[in-house]
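**Q** The structure under discussion is supplied below as structure tokens; questions concerning it will follow.
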Amino acid sequence: MDLKAGDVVMLKSGGQPLTVAEVKQDEVLCLWMGMEGDLFRETLPLATLVQVEEDEEDDEDEEEE
């Protein structure tokens with residue numbers, strides 16, 4: 001998996017989307033917003049993440065609304 005800053009990932013075990021801030025070898029610094037608007041950051045092993053494919057069709061639907 002070739003990740004770069006700005007990519008969206010999730011834990012393989014599930015959860016909410018995380019934004020990649022930085023990639024260093026086999027570690028990925030991720031950022032996400034909590035339920036109350038708090039910003040969280042955590043460095044996670046690359047092996048625990050899966051890249052989220054953005055669906056362009058969904059993006060177009062949001063723009064039309």
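**Q** Show the residue pairs meeting these rules: Cβ distance below 7 Å; 6+ apart or different chains; first residue within the range 1-20 and at pLDDT below 95; second residue surrounded by 11 or more Cβ atoms within 10 Å (Cβ to Cβ) and of a type in the set (Phe, Trp, Tyr).
**A** 16/32
**Q** Condition first: open to solvent by 90 Å² or more (accessible area, probe 1.4 Å) and touching a Ser or Thr at 6+ places or on another chain (Cβ under 7 Å). Now tell me which residues in the range 23-48 satisfy that.
**A** The one that is open to solvent by 90 Å² or more (accessible area, probe 1.4 Å) and touching a Ser or Thr at 6+ places or on another chain (Cβ under 7 Å): 27.
The values are calculated or read from the model by the stated rules, or taken from the named source; none is laboratory data. Please read these numbers as outputs of a predicted model, since none were measured by experiment. No Cβ is skipped: glycine too gets one built from the backbone with ideal geometry, and neighbour counts run over all protein chains shown. These accessible areas exclude ligands, DNA and RNA; they are computed on the full protein's heavy atoms, side chains included. Shrake-Rupley method; radii C 1.70, N 1.55, O 1.52, S 1.80 Å.
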